[in-house]
1. Regarding the range 239-261, can at least one residue be identified that is outside any loop (DSSP other than H, G, I, E, B) and of a type in the set (Phe, Trp, Tyr)?
2. Could you pull out the residue among Phe304, Phe321, Phe299 that is aromatic (Phe, Trp, Tyr) and either without any contact (Cβ under 8 Å) to a residue 60 or more places away in the chain or part of a strand (DSSP E or B) (or both)?
3. Would you confirm whether any residue within the range 249-258 is over 30 Å from Lys81 (Cα atoms), touching a residue at least 24 places away in the same chain (Cβ under 8 Å) and either outside the structural domain of His154 (by the TED database) or of a type in the set (Phe, Trp, Tyr) (or both)?
4. Residues of the range 387-411 being over 23 Å from the mean Cα position of the chain (by Cα) and within 30 Å of Arg328 (Cα to Cα), which ones?
5. Six or more apart or on different chains, Cβ atoms under 7 Å: show the pairs whose first residue is in the range 370-389 and in contact (Cβ under 8 Å) with a residue 40 or more places away in the chain and whose second is of a type in the set (A, V, I, L, M) and in a loop (DSSP other than H, G, I, E, B).
6. Among the candidates Ser121, Ser112, which residue alone is in contact with a Ser or Thr (Cβ under 6 Å, 6 or more places away or on another chain) and either polar (S, T, N, Q) or not assigned by the TED database to the domain that holds Pro274 (or both)?
7. Within the range 342-350, can one find any residue that is farther than 30 Å from Trp135 by Cα, of a type in the set (S, T, N, Q), in contact (Cβ under 8 Å) with a residue 24 or more places away in the chain and assigned to a loop (DSSP other than H, G, I, E, B)?
8. Looking at Ile353, Ile362, which one is within 17 Å of Ile427 (Cα to Cα), within 23 Å of the chain's Cα centre (by Cα) and assigned to a strand (DSSP E or B)?
Amino acid sequence: MTPGTESLIRLDRQYLWHPFTQMKGWCDPAYEPLVLVEGDGAILRDSEGREYIDGNSSIWTNVHGHRHPAITAAMKAQLDKVAHVSFLGTTNEPAIRLAEKLVNLLPAGDYSRVFFTDNGSTAIEVAVKMTLQYWQLIGRPERNRFVAFDNAYHGDTVGAASLGGVSAFTQRFAPVHFAIERVDSTDALARLDANSIAAIIIEPMVQGAAGIRLWPEGTLRRLREWCDAHEVLLILDEVLTGFGRTGKMFACQHDGVRADFLCLAKGLTGGYVPLAATLTNESIYSAFLGEYQDLKTLFYGHSFCGNPVGCAAALASLEVFEQEETLRHLGEKITYLSELLSRVRQNAYVFEIRQCGFIAGIEVRQPDGTAFEWTSQTGARICQRAREYGLLTRPVLDTLVFMPPYCITREQMDAAFVALNQAILDICQGT
């Protein structure tokens with residue numbers, strides 16, 4: 001290890017607290033944190049000059065690859081004008097252009113208004129608050145409960161976490177969460193008192209943090225029908241699935257489903273800077289209109305809402321989708337990913353493979369189907385070994401996630417699966 005890297009790691013351990021990280025293990029002298037310094041396409045480089053395939057798109061965010069010239073240029077051009085202006089009482093051109101672009105990406109009439117925030121959690125938070133206030137404003141305050149699904153993940157802020165169904169992420173904070181109705185399938189909706197329900201929220205097609213769990217075909221369509229029949233609003237959390245991950249620009253397009261709120265983040269800027277958007281329709285929006293003294297205003301927002309640099313990056317990312325025909329080329333890579341997954345399925349320790357577009361989860365177990373003890377951190381150790389073979393990713397317990405940038409080449413995909421397969425064998429066989 002070079003002195004420069006050693007110094008950075010020492011300072012990191014002295015001053016930082018990393019997310020979703022047991023810092024005792026991070027600070028163990030036997031563990032070497034990666035100091036990433038550069039990216040190029042699907043490749044990341046560390047401070048020692050080693051290269052890695054970005055196998056999870058830097059936590060499911062990067063779309064077109066690192067240092068895409070069009071996105072970099074758009075951000076630099078905006079920085080040469082102004083880096084940030086308040087969205088409270090003023091506006092800016094990148095935000096205006098981006099809102100128009102997002103609305104027009106979806107069928108006419110489905111959405112007409114865009115509310116910008118900073119991240120996926122806040123995109124959900126604003127949908128929750130808009131929902132509650134909407135029902136109050138139209139004289140239906142009894143509709144004040146939310147429905148969410150088992151194993152759901154909708155973010156880490158208090159409101160978003162209240163909707164989550166992964167106990168490891170939520171149980172410590174349960175005393176401050178609001179109560180919700182939790183169901184395991186659309187069939188369970190029949191037992192609910194729909195008259196008190198404000199909205200139901202779902203991650204369409206796939207639950208990411210649950211371990212890449214796929215919904216049965218038609219789930220979203222059935223959910224929309226139930227909501228329509230019972231006057232319940234539908235919130236779609238496309239923080240993960242938005243911007244091509246499922247093979248279409250948005251997961252809801254597979255079933256042609258319109259939501260009342262569409263929440264976007266992660267890939268919105270191509271994964272370059274934080275930005276989120278919550279889209280809704282004119283019916284919801286118009287309920288908030290009135291005189292100042294009517295107190296219909298949505299009193300919600302963040303200092304960096306509508307940040308012009310983030311919006312410029314997002315506009316550039318959407319232009320890349322068009323100019324490079326990203327989704328058309330992605331279809332070929334989705335097919336090739338399926339081929340690679342079929343090969344790794346031959347590994348005796350691969351229990352189940354779950355694929356949704358360019359999202360893959362590989363669950364490992366003992367050859368007899370017995371799960372590894374969760375305390376053994378088998379998935380994490382496999383990913384750590386894969387790092388030694390030049391692949392970066394993170395597991396969800398013992399499900400290994402492969403979700404690279406769309407620019408990844410076939411050769412890089414081949415190398416990633418060689419690394420992953422060997423890492424599985426190394427750890428599961430105890431070598």
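1. Yes, the range 239-261 contains at least one residue that is outside any loop (DSSP other than H, G, I, E, B) and of a type in the set (Phe, Trp, Tyr).
2. Step by step, each of Phe304, Phe321, Phe299 is checked, and only Phe299 is aromatic (Phe, Trp, Tyr) and either without any contact (Cβ under 8 Å) to a residue 60 or more places away in the chain or part of a strand (DSSP E or B) (or both).
3. Checking the range 249-258: at least one residue is over 30 Å from Lys81 (Cα atoms), touching a residue at least 24 places away in the same chain (Cβ under 8 Å) and either outside the structural domain of His154 (by the TED database) or of a type in the set (Phe, Trp, Tyr) (or both).
4. Across the range 387-411, the qualifying residues are Gly390, Arg410, Glu411.
5. Between residues of the range 370-389 that are in contact (Cβ under 8 Å) with a residue 40 or more places away in the chain and residues that are of a type in the set (A, V, I, L, M) and in a loop (DSSP other than H, G, I, E, B), there is no close pair.
6. Only one candidate qualifies: Ser121.
7. Residues of the range 342-350 farther than 30 Å from Trp135 by Cα: 342-350.
If we keep only those that are of a type in the set (S, T, N, Q) as well, we get 342, 346-347.
Checking which are in contact (Cβ under 8 Å) with a residue 24 or more places away in the chain leaves us with 347.
This time we only want the ones that are assigned to a loop (DSSP other than H, G, I, E, B), so: 347.
Within the range 342-350 (the criterion being farther than 30 Å from Trp135 by Cα, of a type in the set (S, T, N, Q), in contact (Cβ under 8 Å) with a residue 24 or more places away in the chain and assigned to a loop (DSSP other than H, G, I, E, B)), the answer is yes, since at least one residue qualifies.
8. Details: Ile353 fails: within 17 Å of Ile427 (Cα to Cα).
On inspection, the qualifying residue turns out to be Ile362.
The values are calculated or read from the model by the stated rules, or taken from the named source; none is laboratory data. Keep in mind that this is a model prediction, so the values were computed, not measured. No Cβ is skipped: glycine too gets one built from the backbone with ideal geometry, and neighbour counts run over all protein chains shown.
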